[in-house]
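**Student:** What follows is a single structure, and I will ask about it in a moment.
The values are calculated or read from the model by the stated rules, or taken from the named source; none is laboratory data. Quantities reported herein were computed from a predicted structural model and do not represent experimental measurements. Please note: Cβ atoms are built from the backbone with ideal geometry, for glycine as well, and neighbour counts cover all protein chains shown.
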Ligand SMILES: Nc1ncnc2c1ncn2[C@@H]1O[C@H](COP(=O)(O)OP(=O)(O)OP(=O)(O)O)[C@@H](O)[C@H]1O
Ligand SMILES: [Mg+2]
């Protein structure tokens, strides 16, 4: 499919020289640059505390950067409120904790942001939500409350909820880490099919089998800096840095 070229290059995400220090002087991102092309799937790995979540949270404006610049689909994440809102709409995020509203049915959970943010009518939203719930394989649960769903089902609803805003980019922060092992596969399947449809994705995950199979590129970070960034096959079979080889030995 032909995609429009924005700003003279084909990067849908440009995160340039990000710096982020939390109170207490802890540097979470340090001269951190990542660019992502349309339709690319980039996996971010690194030890605990290396800044992976901080990076994703900065990308959609949940966290402020101290310096550097972030552009999503040609829109700069700057002080202009309309830019921030636009980026929130275009960047969907799925977290480890599903955060569904317990007092709303599955369908209402998926409808909510569409009605508020995309200004769809209730019936338009419902039609779209049911199609998405079908896509992630939980359409039969539309009328029940989240606590009647398994963890894997709740996470698939959370993915449908994010997709409901028709984002151009999806960020996944350890989306399967809180799940029982037998439910990890069903969520990875949904992520795999999204990638197959050409969704641009930035994925933090410990599922190295999934990373190897689905991602185009891997970014390995430590202490807020990039240690190594490579095409997936190269990353796993012929990493350039000793630090990467040590890390892979630990996790594989
Ligand atoms: N809200 C915060 N306030 C202060 N420090 C924070 C905050 N969030 C994260 N940090 C610190 O910033 C660093 C990077 O954290 P971050 O959560 O981005 O790491 P991570 O790579 O996602 O780790 P994990 O694999 O454990 O999820 C860590 O040292 C963390 O303690
Ligand atoms: Mg994290």
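**Student:** Just one of (1) outside any loop (DSSP other than H, G, I, E, B); (2) modelled with pLDDT of 95 or more trips up residue 182, so point out which.
**Tutor:** Here residue 182 clears every test but (2).
**Student:** Follow-up question, since we're still on this one. What about residue 52, is it surrounded by 15 or more Cβ atoms within 10 Å (Cβ to Cβ) and either in contact with a helix residue (DSSP H, G or I) (Cβ under 9 Å, 6 or more places away or on another chain) or modelled with pLDDT of 95 or more (or both)?
**Tutor:** yes
**Student:** Against the definition (under 18 Å from residue 101 (Cα atoms), surrounded by fewer than 22 Cβ atoms within 10 Å (Cβ to Cβ) and more than 16 Å from ligand 1 (Cβ to nearest atom)), how does residue 150 come out, yes or no? Spell out how you get there, then give the answer.
**Tutor:** Values: under 18 Å from residue 101 (Cα atoms): yes; surrounded by fewer than 22 Cβ atoms within 10 Å (Cβ to Cβ): yes; more than 16 Å from ligand 1 (Cβ to nearest atom): yes.
So residue 150 fits the description; yes.
**Student:** Please tell me if residue 46 is under 25 Å from residue 158 (Cβ atoms), touching a helix residue (DSSP H, G or I) at 6+ places or on another chain (Cβ under 6 Å) and either within 16 Å of ligand 1 (Cβ to nearest atom) or modelled with pLDDT under 95 (or both).
**Tutor:** When the stated conditions are applied, residue 46 passes them.
Condition check ((1) assigned to a helix (DSSP H, G or I); (2) touching a strand residue (DSSP E or B) at 6+ places or on another chain (Cβ under 8 Å); (3) without any contact (Cβ under 8 Å) to a residue 60 or more places away in the chain) across all residues:
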site	(1), (2), (3)
124	yes, no, yes
127	yes, no, yes
130	yes, no, yes
134	yes, no, yes
147	yes, no, yes
153	yes, no, yes
158	yes, yes, no
165	no, yes, no
170	no, yes, no
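**Student:** Give me the pairs, please: first residue somewhere in the range 34-62 and closer than 19 Å to residue 211 by Cβ and part of a strand (DSSP E or B), second residue anywhere and away from ligand 2 (no atom under 13 Å from the Cβ) and at pLDDT below 95, beta-carbon distance under 6 Å, and either six or more positions apart or on two chains.
**Tutor:** 37/10
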